[in-house]
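Report on the structure given below.
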Amino acid sequence: MSEDRKVQFDAAAARRVLDDGEGVVRLAPTWVPRVFSTPGRRLRLHPDDYYAFGKERGGIDERWLASPIRADNGARTGPYEGLSLVVDARGGLLPFDEFIEHHGANLVGERIWNSHGTWPVFAKFFDNQQALPFHIHHRDEHAVPLGKLSKPEAYYYSPQMNNHLATQPVSFLGLQPQVTREQVRERLVRFGRGGDNRITELSLGYRTQLGTGWDVPGGVLHAPGSACTYEPQAASDVLCMCESWSNNREVPDELLWKDTPPDRVGDLDYILDLIDWDLNLDPDFAVNRRLIPHETAESVAAADPGFVENWIVYKSPTFSAKELTVRPGASVTVADSDAHGVIVVQGHGRIGVHDASAPTLIRFGELTEDEFFVSETAARAGVRVENRSMTEPLVMLKHFGPGNTSLR
């Protein structure tokens, strides 16, 4: 990391950081490479740094936000890869998982702590030049026996993160209603033969519409398109790749069987059972899964010309997300019912006691002023947000954990 900051947990520093930040802590950027993807170069990293992990690790096409988990990236995965780090203004970085464990309910709130014993979600920016392979994330019934958790997720296409839509701004989601189990099996058989198994021919493609998104529960097949996507999701990295050709190269067989019990490797019935057939074959899939932003009840009630806040993710019981826009020159106090992660995507100003700004260009290893975590206590008391620009809005995306009480 920059400034020669050491990553080490210290209880005294953890208490001081939360107290000095008045319940709002700053996080360092968390970059994640993927061998099966080509960076879309919209994460605001320096152009020279997208392969900073080395060519054998693949390019950086994900930034994880308020993440309590490490990435599952194979044997070369670094000790803190995927895990967020809390910035101590006096020097040093604190692992976010240990920070959460130390503060417990005082950070994430009693409801979430008593139910989960951690912060059970995170968000990411996914930034690929092409589409991801058609894949699926396990539901709990399949993930738990592996010692993992299910991974529902959602997508929001932030205009601020998409100066271009790259080469394939079409997402394949679910299956056409008439598709059968045997048809999917036939495409999976073709996976092992090499080349393109053409499994997305069984799906439907949806063009990217900026300012909207999708709800994608576990068990739903999906191949996200090439937009830079804000993705709140459960804190898990479990998956099964079902498409054999993507990004102009073959998908390795081990990614088809990545999260499969050893005694079921090679058994296509296991893969077919991962699929939630009711959700995938839903004839009203687009109506039921599309996310159209709408103003929060609190924003409507406030009727404050200085800001507007929209729900952008709201259909999952596992997580939710909002977009807060503070108009030029305005200062507002915004209260939330739950703890949440924050990422600034446009403008500059203050969030609580912290300077906040959306970066233009980030060097790998540098700190930024764009990412924060807000404790439940601070959220309920209300966080002061100040836009110090007289011309540009200050825009923040905020993701929440399970059962956000504001959605009830």
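The values are calculated or read from the model by the stated rules, or taken from the named source; none is laboratory data. Given the structure is predicted, the values throughout are model-derived calculations rather than measurements. Positions of Cβ are generated from backbone atoms using ideal geometry, with glycine treated the same way; all protein chains shown enter the neighbour counts. Quick note on the areas: whole protein, heavy atoms, side chains included, nothing else; ligands and nucleic acids left out. Shrake-Rupley method; radii C 1.70, N 1.55, O 1.52, S 1.80 Å.
A 1.4 Å probe over all protein chains sorts S357, S203 by accessible area into S357, S203, starting with the largest.
Within the accessible surface of region 25-133, defined with a 1.4 Å probe on protein heavy atoms only, the carbon and sulfur portion equals 45 percent.
Treating the beta-carbon of each Lys and Arg as +1 and of each Asp and Glu as -1, no other charges, what is the dipole magnitude of region 268-365 about its Cα centre, to the nearest 20 debye?
It comes to approximately 600 debye.
Rg over Rh for region 268-344 works out to 1.16, both radii taken from alpha-carbon positions and Rh defined as the Kirkwood radius.
Counted by Cβ distance under 10 Å from V334, the other residues give a net charge of -1, where Lys and Arg count +1 and Asp and Glu count -1.
What pairs from K124/K148; K124/K322; K124/K315; K124/K151; K151/K315; K6/K258 go past 24 Å between their alpha carbons?
On the way: K124/K148 19 Å; K124/K322 14 Å; K124/K315 18 Å; K124/K151 13 Å; K151/K315 15 Å; K6/K258 33 Å.
Checking Cα-Cα distances, K6/K258 exceed 24 Å.
Taking Cα centre as origin and charging only the Cβ of basic (Lys, Arg, +1) and acidic (Asp, Glu, -1) residues, the dipole magnitude of region 183-273 rounds to 340 debye. Sequentially through region 258-263, phi angles give Karplus couplings (6.51, -1.76, 1.60; θ = phi - 60°) of 3, 10, 10, x, x, 7 Hz, Gly and Pro residues having no value and appearing as x.
Nonpolar atom fraction for region 237-280, defined as the carbon and sulfur part of the 1.4 Å probe accessible area, stands at 48 percent. Given the options A52, A12, A131, which has the most mean-square fluctuation in a GNM of the chain, springs set between C-alpha atoms less than 10 angstrom apart? Among A52, A12, A131, the largest GNM mean-square fluctuation belongs to A12.
Among the trypsin sites (Lys or Arg not before Pro) in region 139-226, which ones are in a DSSP loop with at most 11 other Cβ atoms within 10 Å of the Cβ? Mind listing them?
Values: sites: R139, K148, R181, R185, R187, R190, R193, R198, R207; in loops: R139, K148, R193, R198.
Those satisfying the criteria are R193.
The listed residues H164, H354, once ranked by accessible area (1.4 Å probe) with the largest placed first, stand as H164, H354. A cut-off of 5 Å between modelled amide H atoms, ignoring neighbours fewer than 5 places along the same chain, links A154 with V216.
Residues in region 80-90 carry Karplus couplings, in order, of 10, 5, x, 8, 6, 10, 7, 8, 9, 4, 8 Hz; the curve used is 6.51 cos²θ - 1.76 cosθ + 1.60 with θ = phi - 60°, and Gly or Pro positions show x. Measure out, as a whole number of angstrom, how far apart the alpha-carbon centroids of region 14-74 and region 242-275 sit. Here the two parts' Cα centres lie 26 Å apart.
When the Cα atoms of the chain are aligned to their principal axes, the ranges along those axes come out at 58, 45, 42 Å in descending order. For the pair region 184-230 and region 381-407, the centres of their Cα atoms are 32 angstrom apart. For the chain, the per residue solvent-accessible surface stands at 39 Å², with DNA, RNA and ligands left out and a 1.4 Å probe.
Rg/Rh for region 280-408: what does it come to with C-alpha atoms and Rh from Kirkwood?
Dividing the radius of gyration by the Kirkwood radius yields 1.01.
Projecting the Cα positions of G365, L239, G218 onto the charge dipole of the chain (unit charges on Cβ atoms of Lys, Arg, Asp and Glu, taken about the Cα centre) puts G365 furthest along the positive direction.
Per residue, the convex hull spanned by the alpha carbons of region 1-129 comes to 119 Å³.
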